[in-house]
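One structure is given below, encoded as structure tokens.
The values are calculated or read from the model by the stated rules, or taken from the named source; none is laboratory data. Note that the structure is a prediction, hence the values are computed from the model and not measured. All Cβ positions, glycine included, derive from the backbone under ideal geometry; neighbour counts span all protein chains shown.
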Amino acid sequence: MSFLRALVFLVALAGTAARAAEPAPIRLKPVKVTEHIWYVQGLPGIASARNQGFNSNAGFVVTPEGVVVVDALGTPALGRELLRSIRAVTDKPVRRVIVTHYHADHFYGLAAFKAAGAEVWAHKAAREYIESGEGAARLEQRRRDLSPWVDARAGIVPPDRWLDGDTSFSFGGLHFDLITMGPAHAPDDLVVVVREDQTLFSGDILFSGRVPFVGNADSRRWLATMDRLLELKPALMVPGHGAVSRNPAADLAFTRNYLRYLRQVMGKAAEDMVPFDEAYKQTDWSRFEKVPAFDAANRINAYGTYLLMERELLEKK
């Protein structure tokens, strides 16, 4: 074997070995919800390298003119897999991606859709996240915690169109309503209603099957927003996390009860000026501690709510 041929063989062998060493990406299995709507369901718990960041949902609506996607999942690799799963259902082009809110587990897959020619829409309140240091800090954190699924090549993909208030459009014979719900879980919360299918994509206003991530959210407004969702009377609701809800009123109960309990116990502690660490230790969390994501999220949620209740007490004075 000549030196050149040997060199080519060794390079090819090294490339094969490198590909073999790379972990295989999660294969997404789209689930049909209605005549036009499909979704992929994220795994329980928080995003990690072990679950490849696949802990949130995304959906897509297939029409004769093309596809409208709702959210893009939490890593570039997942975005590519979501696009692949759409291609397994239809060869129609993806025309538009609606981001329900700019939290990392819902938009890091956007690059694949931009490369495929889709237009990205989101509410203008996401500007603060994207343009401030928060988005950059979160990106660095995900590069550390979700490597190799989020790496140095990953970036924040901004929307092509900023929405200001409610927006409706028709596409492929279907009618879509984008309804502003923030600030609630996030400042830029949007829900997407597909009228003909009586289906609502709630984003993270509804968490199903896990403890919600609250952080520094305005839980008072979040609770009011859930009432607004029910006033829309959807037959089906696709949450940001967990299984499709066929009984939205019942399935919103867990998120509602969790937020109310946080406000009750942390509000009492703030009013009595009990230090947070002491208040947290004294609180009975037994009704929630077996629910997925409790260990990762609950203390953060409680602390954010403690600070929120302190602010609300000051507003009353």
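So here's what we get for this one:
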read-out: Yes/no for V120 being touching a residue at least 40 places away in the same chain (Cβ under 8 Å) and out of contact with any Ser or Thr (no Cβ under 7 Å at 6 or more places or on another chain); value: yes
read-out: Failed item in (1) more than 16 Å from F54 (Cα to Cα); (2) in contact with a His (Cβ under 9 Å, 6 or more places away or on another chain); (3) assigned to a helix (DSSP H, G or I), with P159 passing the rest; value: (3)
read-out: Flag if W149 is in a loop (DSSP other than H, G, I, E, B) and surrounded by 17 or more Cβ atoms within 10 Å (Cβ to Cβ); value: yes
read-out: Selection count where residues are closer than 26 Å to N51 by Cα and either surrounded by fewer than 17 Cβ atoms within 10 Å (Cβ to Cβ) or touching a strand residue (DSSP E or B) at 6+ places or on another chain (Cβ under 8 Å) (or both), scope segment 295-317; value: 4
read-out: All positions within segment 96-146 that are polar (S, T, N, Q), outside any helix (DSSP H, G or I) and either modelled with pLDDT of 95 or more or under 25 Å from L43 (Cα atoms) (or both); value: T100
read-out: Looking only at segment 228-272, and only at residues there that are touching a residue at least 12 places away in the same chain (Cβ under 8 Å) and of a type in the set (D, E), the one that is farthest from V70 (Cα to Cα); value: E271
read-out: Search result, residues across segment 63-93 that are of a type in the set (A, V, I, L, M, F, W, C) and surrounded by 19 or more Cβ atoms within 10 Å (Cβ to Cβ); value: V67, V68, V69, V70, A72, L73, A77, L78, L82, L83, I86
read-out: Yes/no for T180 being in contact with an Asp or Glu (Cβ under 9 Å, 6 or more places away or on another chain), among the β-branched types (V, I, T) and either surrounded by fewer than 24 Cβ atoms within 10 Å (Cβ to Cβ) or more than 21 Å from A297 (Cβ to Cβ) (or both); value: yes
read-out: Members of segment 281-312 that are over 25 Å from G242 (Cα atoms) and touching a residue at least 24 places away in the same chain (Cβ under 8 Å); value: Y306, L307, L308, M309, E310, E312
read-out: Qualifying helices (runs of 4 or more DSSP H) (wholly inside segment 238-317; at least 2 residues being within 28 Å of the chain's Cα centre (by Cα), of a type outside the set (G, A, S) and closer than 25 Å to D227 by Cα); value: 248-271, 294-316
